[in-house]
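Take a look at the structure below.
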Amino acid sequence: MTFRLSSFSVLPFLALTAAGCLTASSDAASSNTGTEEQSAALRAPRFAQVRVVHASPDAPRVDVYAEGIATPLIQGIGFGEASLYFRLPAGTYTLQLRAAPSTSADPVAYSTGPLAIDGGSKITAVASGLLGSPGTEAGFRVLPLSENFDGGTGSARVRIVHASADAPTVGIDLGNDNPSAPEVAALARFADTGAAGVEVPSGMALQVGVTAGGNRVTAFTTPALPASANLFVIATGLLAKQPRETAGFALLAVGPDGVIGVIKQNPKVYALHGVQSLGPVDIFAGDAEIVSNLAPDELSAGFQVPPGAYTLEFYGTATGSTRPAHAALATLGTGTLEAGQKYLAVASGIAAPGYRSPVTLSAYADGFDLSPEAQTKSLIRAVHSAPDVGRVNVGTATGVRLTRTLVRGLSYLESTDALGLGVAPGQYALGIERPNDLFPAYLGTWDFALRNPGRSLVVVTGTLQSPPGSRFPRPFVVDTTKAEWTISAPARVVSSIPSH
């Protein structure tokens, strides 16, 4: 963290408060007419503890001032950070935010209006909303949350704050086990679950589902929560952003000593059935069926799992969702799946006996370039999942010849750069060939429509051999541009080798 508390920021308040107390004590002693109310006022706590959490994804680093005081209370706090608590004398304050670094003469980016700060109170002020959307429902605001967690029972207590500017009213499913009946039924934007906190198990990772209309929107895996811990869990970021982006929808966990961490969404996986000579399959992780009746060349709906590595078992499709007792057709590992990431998991190989192309599973993480410059291009990433084709070249084509090679010498199970290859959007005839110094073997030309902006995985599957139930090599386009990925099969326009 690069922000800091200003060491002299509360001295003007302390001086004024001290002077006021001395005057009050002197008057009371000289007149000897102090009432019980005056005595109680003198005994009342004179200070509050206040801290600021920056949860606005479009706001820059800011300095926090109290109106009328030239020295900032906090300097340079950025998105996803929390200040330490600082002491403020009881009173009414207007907090002002200025882009850091600043002086009190610089323009005010946001002003809270008068805030009553009671002595003895403990306040977490959450800066939320969008600074660039003033006057709208998503507009920037500061949520002053007075802390009053219930006493410890050995479990942890969390106060959940909905601070995501583009998310609707949501349910919170603690355990992520029943989206139709979440423990928190309806948490509105910029609302929270209350000062007492919600009791949750300690000593273990917690699954947290976010629901809308009885359906799961996304899910998170928290770290193990300490016993009797009192935590803020702040939903921040934007659903419109990719989960892997800094401004993507995420949970910000804040404990008594500051930020514990940013919890990104559970990884999401899309499975593509590219295995030759294998019909529809059900896929299990342990005893849980995660994909049902996935047909050849079909892309599954996206499914989320907690971060980690998994062993997936493939069975021929059957009725029901109970894991079969017989041996799986294939048992394959995913590799490590990371929070905040989306993956394309391609099952490939030849399942027919006697063919030397074992069934494999390869997971490709979404790494497309999301920079502003990339938004003017259509990005493609080639994935080679055709087991017996050998190396391939991919490019624009005329007739049975590549006129511009975009991808050269890609081997089985390899992919091109995860950032993607940028091309001008439009309609293309893309060809695939097996390189040869003298006579390249041309596999065909397909009609591609590349959108603007667009991010597409071009996956080559199939086999040159002819086992039962196999398909000739062809490309499929997995469009990752929208929140839910889709697959399409471009039309073949030229073929120099007859398909089978």
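The values are calculated or read from the model by the stated rules, or taken from the named source; none is laboratory data. Keep in mind it's a predicted model, so treat the numbers as computed, not measured. Don't worry about glycine lacking a Cβ; one is built from the backbone with ideal geometry, like all the others, and counts go over all protein chains shown.
Key figures for this structure:
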item	result
Selection count where residues are over 24 Å from K342 (Cα atoms), crowded, with 20+ Cβ neighbours inside 10 Å and not hydrophobic (A, V, I, L, M, F, W, C), scope region 399-416	0
Members of region 444-500 found to be touching a helix residue (DSSP H, G or I) at 6+ places or on another chain (Cβ under 9 Å) and at pLDDT below 95, listed by number	N452, P453
Condition broken by L332, with the remaining ones in (1) buried (at least 16 other Cβ atoms within 10 Å of the Cβ); (2) on the phi > 0 side of the Ramachandran plot satisfied	(2)
Sole residue being under 17 Å from V305 (Cβ atoms), crowded, with 17+ Cβ neighbours inside 10 Å and either without any contact (Cβ under 8 Å) to a residue 24 or more places away in the chain or small (G, A, S) (or both), chosen from I263, I290, I283	I290
Any strands (runs of 3 or more DSSP E) falling wholly within region 339-416 and containing at least 2 residues that are of a type in the set (V, I, T)	378-384, 392-398, 401-410
Selection from region 44-80 of residues that are over 23 Å from A247 (Cβ atoms), of a type in the set (A, V, I, L, M, F, W, C) and out of contact with any Pro (no Cβ under 7 Å at 6 or more places or on another chain)	A44, A48, V50, A66, A70, L73
Subset of region 77-107 [assigned to a strand (DSSP E or B), in contact with a Ser or Thr (Cβ under 9 Å, 6 or more places away or on another chain) and of a type in the set (A, V, I, L, M)]	I77, A82, L95, L97
Leading residue by the ranking (surrounded by the most Cβ atoms within 10 Å (Cβ to Cβ)) among those in region 417-434 that are of a type in the set (A, V, I, L, M) and not in a strand (DSSP E or B)	L419
Selection count, region 441-470, where residues are surrounded by 15 or more Cβ atoms within 10 Å (Cβ to Cβ) and either over 36 Å from the mean Cα position of the chain (by Cα) or not in a strand (DSSP E or B) (or both)	12
Yes/no for G367 being in contact (Cβ under 8 Å) with a residue 12 or more places away in the chain, surrounded by fewer than 18 Cβ atoms within 10 Å (Cβ to Cβ), closer than 30 Å to P453 by Cα and not hydrophobic (A, V, I, L, M, F, W, C)	yes
Among residues of region 51-76, those that are crowded, with 24+ Cβ neighbours inside 10 Å and in a strand (DSSP E or B), counted	8
Test set (1) at pLDDT below 95; (2) closer than 26 Å to G129 by Cβ - S202 fails condition number	(2)
Residues satisfying the stated conditions in region 366-394, i.e. more than 21 Å from the chain's Cα centre (by Cα), of a type in the set (S, T, N, Q) and over 13 Å from E433 (Cβ atoms)	T376, S378, S385
